[in-house]
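I have placed the structure first, in the form of structure tokens, so that the comments after it can refer back to it.
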Amino acid sequence: MRKKIVAGNWKMNNDSQQTKVLLDEILAKKPGSTPVKIVVAPTFVNLQAAVNQTNGSNIIVAAQNMHQAESGAYTGEVSVGMLKSINVNTVILGHSERRAYFGETNSLLAEKVNTALKHNLTVIFCFGEELADRQSSNHFNVVESQLREGLFHITESDWQNIVLAYEPVWAIGTGETATPEQAQEMHAFIRNLLRENVGEAIAGQTSILYGGSVKPDNASEIFSKPDVDGGLIGGASLKADDFLAIVNGMK
Ligand code: PEP
């Protein structure tokens, strides 16, 4: 069964006090029981506090990135073991901002994926085309390459720990959302790629999230599409009411 997931990527926002307040609000207002897995991804320095604060709730705390090496002379970086040692067992990899501003390539991401899976982390693997790719009708090719080069080398059992997040770069933080039909078209394409390359069972079980300017007023329509299993939310995840309205949009 595909899991329904709504994940908030807080990016480089919220100091420790703001993180605490936002989490308090989410904990106080979140639905008591929901089939939706709720994930929040604060910045590294606030992860430990977020894990402590959400202990006993059904909120999952994720990291926004990690290094591919297990340890070593990589000043300023954070390893998989460090995340695990504070009970962070989910990591976002391949976000378009990491690809664009920090030079993360498909092959580097393949290494990060390997390290995360080796240590049994759940990976929210992000990918998506840029505006020029869509305008030149190259968007399916770009997405296919990102998946083939970054992810399709993993073993069948590793797919249990993969969540896909299709995020067209032109829709991230721009206020411009893919139409529900555009999202469905790409998600169906991705699921078909999984079917052909990994098998029917994995294609049927893997959650594919949509990300890109999801807001309370457009979430339920996007989420109603058959191959959309939830969302990765940037801006709107920084306000508890908006984030939870989006969670409630996932039925
Ligand atoms: C994101 O950064 O993953 C994202 C989807 O951002 P936004 O919702 O702000 O477009």
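The values are calculated or read from the model by the stated rules, or taken from the named source; none is laboratory data. These numbers were taken from a predicted model, which means no experiment stands behind them. We place every Cβ from the backbone using ideal geometry, glycine too, and count neighbours over all the protein chains shown.
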Looking only at segment 230-251, count every residue that is farther than 14 Å from LYS37 by Cα and among the polar types (S, T, N, Q) and tell me the total. 1
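I need a count of the residues in segment 63-110 that are within 16 Å of the ligand (Cβ to nearest atom), surrounded by fewer than 16 Cβ atoms within 10 Å (Cβ to Cβ) and of a type in the set (A, V, I, L, M, F, W, C). Break it down stepwise before answering.
Within segment 63-110, the subset within 16 Å of the ligand (Cβ to nearest atom) is 63-65, 90-102, 104, 109.
If we keep only those that are surrounded by fewer than 16 Cβ atoms within 10 Å (Cβ to Cβ) too, we end up with 100-102.
If we keep only those that are of a type in the set (A, V, I, L, M, F, W, C) too, we end up with 100, 102.
Of the residues in segment 63-110, 2 are within 16 Å of the ligand (Cβ to nearest atom), surrounded by fewer than 16 Cβ atoms within 10 Å (Cβ to Cβ) and of a type in the set (A, V, I, L, M, F, W, C).
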With the structure loaded, tell me whether MET250 is more than 11 Å from the ligand (Cβ to nearest atom) and modelled with pLDDT under 95 or whether it fails that test. yes
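Give, as residue ranges, the helices (runs of 4 or more DSSP H) completely inside segment 76-147 that count at least 2 residues that are basic (Lys, Arg). Step through it out loud before you land on a result.
Values: elements: 80-85, 96-101, 106-118, 131-135.
So the answer is 96-101, 106-118.
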Tell me which of these GLU130 doesn't satisfy, since it passes every other one: (1) within 16 Å of the ligand (Cβ to nearest atom); (2) of a type in the set (Asp, Glu); (3) buried (at least 18 other Cβ atoms within 10 Å of the Cβ). (3)
Considering each residue of segment 117-153, count those that are under 16 Å from HIS95 (Cβ atoms) and in contact with a helix residue (DSSP H, G or I) (Cβ under 9 Å, 6 or more places away or on another chain), and give that number. 15
Note on segment 212-246: residues within 14 Å of the ligand (Cβ to nearest atom), aliphatic (A, V, I, L, M) and not in a loop (DSSP other than H, G, I, E, B) are ALA219, ILE222, LEU232, ILE233, ALA236, LEU238, ALA245, ILE246
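Out of all the residues in segment 202-211, is one or more buried (at least 22 other Cβ atoms within 10 Å of the Cβ), more than 13 Å from the ligand (Cβ to nearest atom) and either within 17 Å of the chain's Cα centre (by Cα) or among the acidic types (Asp, Glu) (or both)?
First, pick out the residues of segment 202-211 that are buried (at least 22 other Cβ atoms within 10 Å of the Cβ): 208-211.
Among the residues that remain, those that are also more than 13 Å from the ligand (Cβ to nearest atom) are: 208.
Filter once more, keeping what is either within 17 Å of the chain's Cα centre (by Cα) or among the acidic types (Asp, Glu) (or both): 208.
Looking through segment 202-211, at least one residue is buried (at least 22 other Cβ atoms within 10 Å of the Cβ), more than 13 Å from the ligand (Cβ to nearest atom) and either within 17 Å of the chain's Cα centre (by Cα) or among the acidic types (Asp, Glu) (or both).
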